[in-house]
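Worksheet for the structure shown next.
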Amino acid sequence: MDAILFYCLAALALASAVLVVAQRHPIGSALALIATLSALSGIFGLLGSPFIAVLQLVVYAGAIMVLFLFVLMLLNVRREEGSPATGRRVRWAALAFGALFIAQVGAVLTRLELAPSTTPFAASPRDVARLLFRPEYLYAFEATSVLILAALVGAMALARREQ
Amino acid sequence: MSEGLLQHALYLSLALFAIGAVGVFLRRNVITVLMCIELMLNAANLAFVAFSRAWGTLAGQVFVFFVLTVAAAEAAVGLAIVIALQRHKDTLDVDAFDSMKG
């Protein structure tokens, strides 16, 4: 049952990821990306991390993608027109790069033979939060709050209209 | 959980990362390029979750949490820069932004 669900979600994620890249209209790309993120959220749940699955839906598919759609509609973005001068060469170079990347990293991954751990695995929000507030991650966690604050101030300063 | 599932999750992560990386080169719209970067970050997250399950430790999940935070900050600042660029040059084509001669 888990396996069937996993392969369905994986196929959905792959198909919509291809749509993100293959599409010329940015709004279509954004909607396809939301489908990819939702499918990945299901996969996270299947792999035994319910906290990350919900976080993925709320933060990624919710907040971040709504921000993207908001900016797309604010700027009234149209279909992108291809630039014929570099278009064809860049396209083949990019596809060759992608094939080379998959071949190289895939060759490493096939040697890995990853199997689920035999020890009982619990990843409830409580367990993740306990680990997050332990000394080894506490300072990094506090640093992310400074990062968010800096991003907030930076975004407002950048998007402000010049007087 | 069946044996090959985590291995296939890693292959899915690899494929998603490659699609995102190819998209960064293929697409000419700045916002679509940013979305491809988000796709690559998510591929990394999937690998973190798979390794977390394989080794039975939660450290991978904590890293996904940090990646999520950084992605949110990156999207906010990146889109603010996109708005500033649109105001400055009135286009979103990546080829138009070459004033640093990169």
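Every number in this text was worked out from the coordinates using simple rules, so none of it is lab data. Keep in mind that what you see is a predicted model, and the values were worked out from it rather than measured. No Cβ is skipped: glycine too gets one built from the backbone with ideal geometry, and neighbour counts run over all protein chains shown.
See the values below:
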{"quantity": "Calculated FRET value between A:LEU74 and B:MET100, using beta carbons and R₀ = 25 Å, to 0.05", "calculated": "0.45"}
{"quantity": "Axial C-alpha extent at least 24 Å, average Kyte-Doolittle at least 1.6 - helices from chain B (DSSP)", "calculated": "B:5-26"}
{"quantity": "Whole-number percent relative contact order across the stretch B:1-57, with pairs defined as alpha carbons under 8 Å at least 6 apart", "calculated": "44 percent"}
{"quantity": "Trypsin sites (Lys or Arg not before Pro) within the stretch A:22-118: DSSP coil, no more than 10 neighbouring Cβ in 10 Å", "calculated": "A:ARG111"}
{"quantity": "Chain A: Rg to Rh, with Rh as the Kirkwood radius over Cα pairs", "calculated": "1.03"}
{"quantity": "Axial C-alpha extent at least 15 Å, average Kyte-Doolittle at least -1.0 - helices from chain A (DSSP)", "calculated": "A:2-22, A:26-46, A:87-110, A:135-159"}
{"quantity": "Separation of the A:ARG160 and A:PHE101 label points, Cα + 7 Å toward Cβ, nm", "calculated": "3.7 nm"}
{"quantity": "Distance histogram for the stretch B:1-89 (every C-alpha pair counted, 10 angstrom bins, percent rounded to whole numbers)", "calculated": "17, 37, 29, 13, 4, 0"}
{"quantity": "Footprinting exposure proxy for A:ILE52, A:ILE148 (fewest neighbouring C-beta atoms within 10 Å first)", "calculated": "A:ILE148, A:ILE52"}
{"quantity": "At 1.567 mPa s and 4 °C, Stokes diffusion of the stretch B:55-96 via Kirkwood alpha-carbon radius, µm² per second", "calculated": "103 µm²/s"}
{"quantity": "A:VAL66 paired with A:ARG111, simple spin-label distance in nm, labels 7 Å along Cα-to-beta-carbon", "calculated": "4.6 nm"}
{"quantity": "Chain A: calculated mean residue ellipticity at 222 nm from DSSP helix runs of at least 4, using -39500 (n - 2.57)", "calculated": "-23500 deg cm²/dmol"}
